[in-house]
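Participant: This is the structure I have questions about; it appears just below.
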Amino acid sequence: MANAASDFGKQLVTRTPEVAGGLLRSIVDFAIDGSTAFPGAKTTAARSLQSKGDREQAIDSLARYHVSMASMQGFLTSVGGLITLPVGLPANIAGLAVLSVRMIAGIAHLRGYDVDDRRVRAALTLAMLGDDEVRRLVADGKLPASPLAIATAPMFDPALDQRISERVMGALAGRLGGKHLAVVVVRRIPLVGGGVGAAVDGWLTFGLAGYAKREFVARHQASIPRQ
């Protein structure tokens with residue numbers, strides 16, 4: 001995960017929207033599918049379900065785990081202050097993106113959505129923007145529908161998928177470009193920055209968990225395949 005996050009962060013602000021959107025989809029695929037060293041969304045969700053035995057308890061446990069992981073990586077990528085900021089901040093944004101996608105996908109999986117479906121993956125990507133931003137984009141006519149509507153649409157829309165990827169990539173690049181300047185300034189202070197990074201990333205992930213639980217309502221009561 002660390003290498004993927006580092007490479008992703010370095011390229012965030014240097015790619016055209018089309019290429020950046022493709023890069024984000026690669027990160028989404030990695031977060032959902034996983035690797036030998038990084039269990040994907042379905043595996044993580046299945047382990048949580050096996051541990052808790054109840055779907056909703058498994059979802060809550062999954063959310064708590066990812067909030068804790070996000071706080072930890074926020075601390076580690078911010079604790080060095082100004083010296084490590086050029087490397088730490090891009091890695092932080094990318095790492096948070098990977099954790100966010102895996103968490104949201106795990107919640108959707110436990111609620112009965114096929115996270116291998118391209119419609120669902122587009123919806124998961126959109127959910128990374130959070131409730132307020134998605135509502136604003138839909139109200140402004142910049143996006144046609146909520147993540148739930150996209151996940152359950154009759155067919156996959158490649159053009160919409162591209163628009164979503166570019167929009168989410170823009171939001172991530174905006175964090176690197178200074179939209180969160182106050183947080184960046186505080187993160188320059190060794191140790192203090194680590195605490196701020198942990199708090200901010202944990203809170204952001206907590207908010208996304210709540211949004212995912214509200215948005216991806218249960219589709220059926222069939223058992224979830226265990227990985």
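Participant: Identify the residue in the stretch 1-55 that is in contact with an Asp or Glu (Cβ under 6 Å, 6 or more places away or on another chain) and at pLDDT below 85 and, among all such residues, is surrounded by the fewest Cβ atoms within 10 Å (Cβ to Cβ).
Facilitator: Taking the candidates together, the pick is Pro17.
Rundown of residues vs (1) within 30 Å of Ala46 (Cβ to Cβ); (2) at pLDDT 90 or above; (3) over 17 Å from the mean Cα position of the chain (by Cα), yes/no style:
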{"residue": "Arg118", "(1), (2), (3)": "yes, yes, no"}
{"residue": "Arg121", "(1), (2), (3)": "yes, yes, no"}
{"residue": "Leu124", "(1), (2), (3)": "yes, yes, no"}
{"residue": "Ala127", "(1), (2), (3)": "yes, yes, no"}
{"residue": "Asp140", "(1), (2), (3)": "no, yes, yes"}
{"residue": "Leu148", "(1), (2), (3)": "yes, yes, no"}
{"residue": "Pro154", "(1), (2), (3)": "yes, yes, yes"}
{"residue": "Asp157", "(1), (2), (3)": "yes, yes, yes"}
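Participant: If you don't mind, another one. Test Val115 against the criterion of being buried (at least 17 other Cβ atoms within 10 Å of the Cβ) and either in contact with a Gly (Cβ under 6 Å, 6 or more places away or on another chain) or not in a helix (DSSP H, G or I) (or both), and give yes or no.
Facilitator: Considered against the rule, which asks whether it is buried (at least 17 other Cβ atoms within 10 Å of the Cβ) and either in contact with a Gly (Cβ under 6 Å, 6 or more places away or on another chain) or not in a helix (DSSP H, G or I) (or both), Val115 comes out as yes.
Participant: Checking Ala145 against (1) within 25 Å of Thr205 (Cβ to Cβ); (2) aliphatic (A, V, I, L, M); (3) assigned to a loop (DSSP other than H, G, I, E, B); (4) in contact (Cβ under 8 Å) with a residue 12 or more places away in the chain: exactly one of these is not met. Which one?
Facilitator: The single condition Ala145 does not satisfy is (4).
Participant: Also: Looking only at the stretch 56-77, filter to residues that are of a type in the set (A, V, I, L, M, F, W, C) and surrounded by fewer than 21 Cβ atoms within 10 Å (Cβ to Cβ); which one of those is modelled with the highest pLDDT?
Facilitator: Met69
Participant: Are any residues in the stretch 128-139 more than 14 Å from Ala31 (Cα to Cα) and in contact (Cβ under 8 Å) with a residue 12 or more places away in the chain, and if so, which ones?
Facilitator: Scanning the stretch 128-139 gives Leu129, Gly130, Asp131, Glu133, Val134, Leu137.
The values are calculated or read from the model by the stated rules, or taken from the named source; none is laboratory data. This is a predicted model, so every value here is computed, not measured. Quick reminder, even Gly has a Cβ in these numbers, built from the backbone with ideal geometry, and neighbours come from all protein chains shown.
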